[in-house]
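Bear in mind that the values in this text are calculations on the coordinates, not laboratory data. Note that the structure is a prediction, hence the values are computed from the model and not measured. Reconstructed Cβ throughout: ideal geometry from the backbone, glycine too, with neighbour counts over all protein chains shown.
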Amino acid sequence: MKRIFLVAFFAFALALQARAQVTISPTMLFFENNFSSVMIINNANTPQDIQIETLFGYPVSDELGYVTMAFDEDATENDRSLTDIVRAFPRAFTLQPGQRQVVRLQARAPNTMPEGGYWTRLAVVATPQAADVTAVEEGAVGAQLNFVFRQVIAALYKRGDATVEMDVNQIGYLFDEERGNRVLRYNVDMTGNAPFLGTITLKVLNANGQTVHEDRSVTSIYVDGFRNFVLPEDLVPNGNYTVELNFQAARQDVPAANNFPMAPLTVSAAVSVN
């Protein structure tokens, strides 16, 4: 039975501390001719034992459009998973302080693989080597705590004609009682064969056609689901508005040559905020 593990984004706050220990570059991987690579650098003052893992994960959202990360334990059931065909070399090694290592990845894609966009997640697990236990006086208690840091990045693969297509619908206003947020929620149905890596821009216009609020989100959409923007009350008080959502498959951290193509999409809807 397939199980989905949801991980709240706040868990990734540990990655901020992890970067002080180990740096990964780049932070998003793209395969070219079935190969890719990543550089791992030990910034710490102690040796780090490194393990490389692959797992299948993607952002998902709840009914209000808030996004969390899902990791699929049974990736073989998803026809967009690269997890079982990606090999990393080396998978385990030790980095001395200041040392770096290039990890090469190979996607052993079968000839029967359909066209489209595929992905996996590369997990870099860094464990500081334990130092010698400091002697303590008789009757005293000594303890040593070592953190294991786990950083996860996306690795994407383009095969043949991989195109982003989507249908945006169910645009409306909701009040999030738990967080006290005034939410513009919309649903995205992914109808193409590749994920969206891009920028979503929101424009809110009043009854006179004047723009009263703008916002943008740099995001990734892999599966169907709700997304949202939070509306500030001082800029968007109760009333009737027209909202415009623009989707562009472009973002600074994704080279245009590697991104999955998509025709720009703009949708609009009348929304009552109350």
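Overview of results
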{"item": "Loop GluC sites (Glu not before Pro), region 159-235, which have at most 15 other Cβ atoms in a 10 Å radius of their Cβ (DSSP)", "result": "E165, E177, E178, E233"}
{"item": "Cα-based shape type of region 57-113, given that a ≥ b ≥ c are square roots of the gyration tensor eigenvalues and the cut on a/c is 1.5", "result": "oblate"}
{"item": "Reference-scaled alpha-carbon Rg (2.2 N^0.38 Å with N residues) for the chain", "result": "1.20"}
{"item": "Three-way shape label, region 166-273, alpha-carbon gyration tensor, a/c 1.5", "result": "prolate"}
{"item": "Signed unit charges on C-beta, dipole axis of the chain, positive-most listed residue P26, P232, L82", "result": "P26"}
